[in-house]
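**Q** After the structure tokens below, expect a handful of questions from me.
Just so it is clear, none of the values below were taken in a lab; they were calculated from the coordinates. Remember, predicted model here, so these are calculated numbers, not experimental data. So basically every Cβ, Gly included, is an ideal-geometry build from the backbone, and we count neighbours across all protein chains shown.
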Protein chains: 2
Amino acid sequence: MTIFTEFDLMRELHQSGDKIVLLVMDGLGGLPMESDGLTELETAHTPHLDALAAQGTTGLAIPIRPGIEPGSGPAHLSLFSYDPVRYEVGRGVLEALGIGFDLQPNDLAARGNFATVDENGVIVDRRAGRISTEECIRLTKKLQEATGDVLPGYQIFVLPVKEHRFVLIIRGEGLGGKLTETDPLVTGKKPLPVRDESGTEEGRRTAALVNRWIEAARKVLADEPRANSLNLRGLSKDPQLPKFDEIYGLKAAAIAVYPMYRGVARLVGMEVVEFTGDRPQHEVDALERIWNDYDFFFVHIKKTDSYGEDGNFDAKVHEIQAVDEQIPRILALQPGALIVTGDHSTPAKLRKHSWHPVPTLLWSPRAIPDAVQRFGERACAGGHFGVFHATNLLPQAMAHAGRLKRFGA
Amino acid sequence: MTIFTEFDLMRELHQSGDKIVLLVMDGLGGLPMESDGLTELETAHTPHLDALAAQGTTGLAIPIRPGIEPGSGPAHLSLFSYDPVRYEVGRGVLEALGIGFDLQPNDLAARGNFATVDENGVIVDRRAGRISTEECIRLTKKLQEATGDVLPGYQIFVLPVKEHRFVLIIRGEGLGGKLTETDPLVTGKKPLPVRDESGTEEGRRTAALVNRWIEAARKVLADEPRANSLNLRGLSKDPQLPKFDEIYGLKAAAIAVYPMYRGVARLVGMEVVEFTGDRPQHEVDALERIWNDYDFFFVHIKKTDSYGEDGNFDAKVHEIQAVDEQIPRILALQPGALIVTGDHSTPAKLRKHSWHPVPTLLWSPRAIPDAVQRFGERACAGGHFGVFHATNLLPQAMAHAGRLKRFGA
């Protein structure tokens, strides 16, 4: 008896076929503000998405596991068919990708937080009073200059993210191990040293290198009024995921405005496409331009999530409508399969990501038009895909695009 | 690549939050007596449960696996999020817990059946003519006195259950192995000796000890008119399950009338609450009394199952209605999540447990009100949870009660 993984099946069965579009509205799923009301998607006037739902197949996607509130990185891995519970990507890596850093396979990345400590080195504020992003830029530049060469033989990158958050990358041979974080997660304690839990010589050496950098960096920060110390979290390397072309035989392109999503797409082997503008129509402009050059297109819309987190129900509705208006242009390109979904729910009512399953449709000339006539949370509960794990979407798209051979004789 | 189990996820993500109520109507699911009729739950007048279904999220729970008729023990383990196919609990342990015995980690427990044998030792009645419970009490007392010290260095407990059923517990060091049962499951054969299938020295020794006790016990019973022999089944030890507080950070209480359910609850680390009365309103009295002392409340209603097994459709309907009347009192306590479900189906039409999936609702201020407006088997098939494994319910309750942190950045 041979056990195949889902990826093995795809490796064995994939063939050439039609083009696939994965259109992701970040945080698409929502909630009614009152229990007898409509959700954001149900409220939006979406004639084109409704037509796709009527002609296509629908369902509700579970991004991670039932009840689990997804982070953006894991939620996208899941849409790309990598079970994020199985394929763990470190926070350092996600943060580095998030700022568009060109992470190399040997790089060690960490998420950094500026912090405030008292005269005994005890943490009094884990976020250094949430300093401004301008302050963050000044401080990372100062660190880059003062600590860039404290580890002979290694290159150091200290880069700003936002407010108290930054990224540290150490580049060089032989970095690795299973490294602990320095943040004790509460105030009133001193930062912890980085330790290695892998028990390898490589891990032990790497922990020592990181601790040496931390010591130098804290000295540089010592005279700062607020950000006079720092912590490192999520020390990790590129997890070397199997890539889209190898699993699916797909040449894949990513069209996304925000660095984070470009980064996760790169992690699975997509090429990131450059374009100007940041509205849905600009992303579809890019899609039209590159249509002949790729097999698979990931198009990411960010603002649906941002408005959800702001609690701005109406703005989220309008953004969904702006996407709806672009649907005819995508259809005109004649994809073999078009998926419209979200990476997770971000109900304006909760002002944050949530665990609720995500309304999803797959349009294709080969799809079964289920009984669902509208694109919405409650409507999609009656769809032919049922309630399903998001990792199933890509195999479905492959099938509907004519890209999978028969399994068995 | 790190593999997390669902329990690892919960261990990592749990935080404090609102209170959770798991209200279980045993054997809730039913069938129409005629194919064009209504089920017990659909027949019942349940305005409060219907309102919960309308405001909350619904679905159909599979207790064990599709098509598998659940026993009460495994079905409850599943509701408590322990996959019973993975976490096996022996019948001896369940029976011991069922009578409220304080089982210790080293104890070996067996389910005993009094039986009738002929002059050649061949079984003629595997249940000894279903002797009365009073007879059972007399016989176990007789066995306790006569066989309590036949295994030097070991303590023996022989305790009555009901009719021909009793429990044997052997307490002492070094008991174990994988032990077979003595009951040949048909009349016309002699009881079998206990054998060890683990191949360990411990198992071999334990089998010999148990056989020695059986021999002594059968001698004591030899002059009884009906219960002149016995069989042992389900020889097992406490499986040492991971506990609720450790996995979920929940301080959990069990409110149940019947010992069996109190026992299974204890197995996963719940505290069993004492109270007087045996009607649903008495159980809600207890719930109100202990509300401030716990995070999680398992409330078990037995009679829905008993009436189902009796084939008493109307009485099951009335018991469901009696539970419905208590719902406003539970809501008044303002839980963060209230689940109403059954451990399995017990259709009056079949007069026994069945494999049919169980109508389930989760009410919470954070729930998506799906399109389902009534609480019933057919209505819940259109719910947002879809058809799901019962082990998913607890993570869903955790999420809806605000008790889970985000997964990943």
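**Q** About its Cα centre, how strong a charge dipole does the range B:93-236 have in debye, to the nearest 20, once Lys and Arg get +1 and Asp and Glu get -1 at the Cβ? Can you show the working numbers first?
**A** Details: 21 positive and 21 negative charges, 56 e Å.
Once rounded to the nearest 20, the dipole reads 260 debye.
**Q** While we're on this one: Two decimals is fine: what's Rg over Rh for chain A, C-alpha atoms, Kirkwood radius as Rh? Present the calculation step by step, with values, prior to reporting the outcome.
**A** Values: Rg = 22.9 Å, Rh = 22.6 Å.
My calculation puts Rg/Rh at 1.01.
**Q** Here's something else I'd like to know. From the phi of every residue in the range A:207-215, what ³J(HN,Hα) in whole Hz does the Karplus formula 6.51 cos²θ - 1.76 cosθ + 1.60 yield, where θ is phi - 60° and glycine or proline is x?
**A** 4, 4, 4, 5, 4, 5, 5, 4, 4
**Q** Something else about it: Would you work out the charge dipole size for chain A about its Cα centre, treating the Cβ of every Lys and Arg as +1 and the Cβ of every Asp and Glu as -1, and quote it to the nearest 20 debye? Numbers along the way, then the final one.
**A** Details: 46 positive and 55 negative charges, 144 e Å.
Computed charge dipole of chain A: roughly 700 debye.
**Q** How big is the gap, in Å, between the Cα center of the range B:108-146 and the Cα center of the range B:1-68?
**A** Spelled out, the Cα-based centre of one part sits 39 Å from the other.
**Q** Please give the net charge around residue B:46, taking every other residue with its beta carbon less than 10 angstrom from that of residue B:46, where Lys and Arg add +1 and Asp and Glu add -1.
**A** Details: positive: B:374; negative: B:42, B:50, B:324, B:325.
That sum, taken over residues with Cβ under 10 Å, equals -3.
**Q** Next question. Please name whichever of A:267, A:29, A:137 sits farthest to the positive end of the charge dipole of the protein assembly as shown, dipole taken about the Cα centre and charges placed at Cβ: Lys and Arg +1, Asp and Glu -1.
**A** Going by the charge dipole, the pick is A:267.
**Q** If you don't mind, there's one more thing I want to ask. Given the options A:49, A:22, A:209, which has the most mean-square fluctuation in a GNM of chain A, springs set between C-alpha atoms less than 10 angstrom apart?
**A** For chain A, modelled as a Gaussian network with Cα springs under 10 Å, the answer is A:209.
**Q** At residue B:173, with labels set 7 Å past Cα in the Cβ direction, how many nm apart are the copies from this one, shortest first?
**A** Those separations, rounded to one decimal, come out as 5.6 nm.
**Q** Give A:162/A:237; B:19/B:405; B:142/B:302; A:19/A:162; A:142/A:352; B:302/B:405 a once-over and call out the pairs whose C-alpha atoms are over 27 Å from each other. List each step's numbers first, then the result.
**A** Values: A:162/A:237 21 Å; B:19/B:405 16 Å; B:142/B:302 32 Å; A:19/A:162 37 Å; A:142/A:352 34 Å; B:302/B:405 35 Å.
As for pairs spanning more than 27 Å Cα to Cα, those are B:142/B:302; A:19/A:162; A:142/A:352; B:302/B:405.
**Q** Using the Karplus curve 6.51 cos²θ - 1.76 cosθ + 1.60 with θ = phi - 60°, what ³J(HN,Hα) values do you get for each residue of the range A:243-255, in whole Hz, with x for Gly and Pro?
**A** With coefficients 6.51, -1.76 and 1.60, one gets 9, 3, 5, 6, 7, 10, x, 10, 8, 10, 10, 10, 10 Hz.
**Q** Which order do A:246, A:163, A:173 fall in if you start with the one that has the fewest other Cβ atoms within 10 Å? Let's see the in-between values first.
**A** Values: A:246 13, A:163 18, A:173 8.
Fewest to most other Cβ atoms nearby, the residues stand as A:173, A:246, A:163.
**Q** Estimate the FRET efficiency between residue A:178 and residue B:8 by the formula 1/(1 + (r/R0)^6), using the beta-carbon distance for r and 22 Å for R0, to the nearest 0.05.
**A** Details: r = 16 Å, r/R0 = 0.70.
After rounding, the FRET efficiency stands at 0.90.
**Q** Moving on. Treat every Asp and Glu Cβ in the range B:141-193 as -1 and every Lys and Arg Cβ as +1, leave all other atoms uncharged, and give the resulting dipole magnitude about the Cα centre to the nearest 20 debye.
**A** Details: 8 positive and 6 negative charges, 38 e Å.
I would put it at about 180 debye.
**Q** Which chain A residue hugs the A-B rotation axis most tightly by its Cβ, and what is that distance in angstrom, to the nearest whole number?
**A** A:386, 3
**Q** Sequence gap at least 6, Cα distance under 8 Å: using those rules, report the relative contact order of chain B to the nearest whole percent. If you can, show how the numbers build up before the last one.
**A** Numbers: 960 pairs, mean separation 138.8, N = 409.
Over chain B, the number comes to 34 percent.
**Q** At residue B:318, label 7 Å along Cα→Cβ: distances to the other copies, nm, ascending?
**A** Computed spacing set for this position: 6.1 nm.
**Q** In addition: Arranged by the count of other C-beta atoms within 10 angstrom, fewest first, what order do B:85, A:24 take? Before the final figure, lay out each step's value.
**A** Working: B:85 13, A:24 24.
The order, fewest Cβ neighbours first, is B:85, A:24.
**Q** Sticking with this structure for a sec: Taking a label point 7 Å from Cα toward Cβ, how far is residue B:292 from its twins in the other copies, in nm, shortest first?
**A** 7.6
**Q** Lys/Arg Cβ at +1, Asp/Glu Cβ at -1, dipole of the protein assembly as shown taken about the Cα centre: which of B:287, A:365, A:154 is farthest positive-ward?
**A** A:154
**Q** Return the sequence-ordered ³J(HN,Hα) values of the range B:82-92 in whole Hz as given by the Karplus equation 6.51 cos²θ - 1.76 cosθ + 1.60 applied to θ = phi - 60°, using x for Gly and Pro.
**A** Each residue's phi maps through the Karplus curve to give 9, 4, x, 6, 8, 9, 8, 10, x, 5, x Hz.
**Q** Right, here's the next one. Please work out the Cα center distance from the range A:75-101 to the range B:298-351, rounded to the nearest Å.
**A** Here the two parts' Cα centres lie 44 Å apart.
**Q** How much net charge surrounds residue B:369 when only the other residues with a Cβ under 9 Å from the Cβ of residue B:369 are counted, with Lys and Arg +1 and Asp and Glu -1?
**A** Working: positive: A:378; negative: A:36, B:370.
Result for the local shell: -1.
**Q** Can you give the net charge of the other residues whose Cβ lies under 14 Å from the Cβ of residue A:185, counting K and R as +1 and D and E as -1?
**A** Net charge around residue A:185: +4.
**Q** Here's a follow-up. Among B:283, B:201, B:271, determine the one that fluctuates most according to a GNM of chain B built with springs between C-alpha atoms less than 10 Å apart.
**A** Highest fluctuation among the options: B:201.
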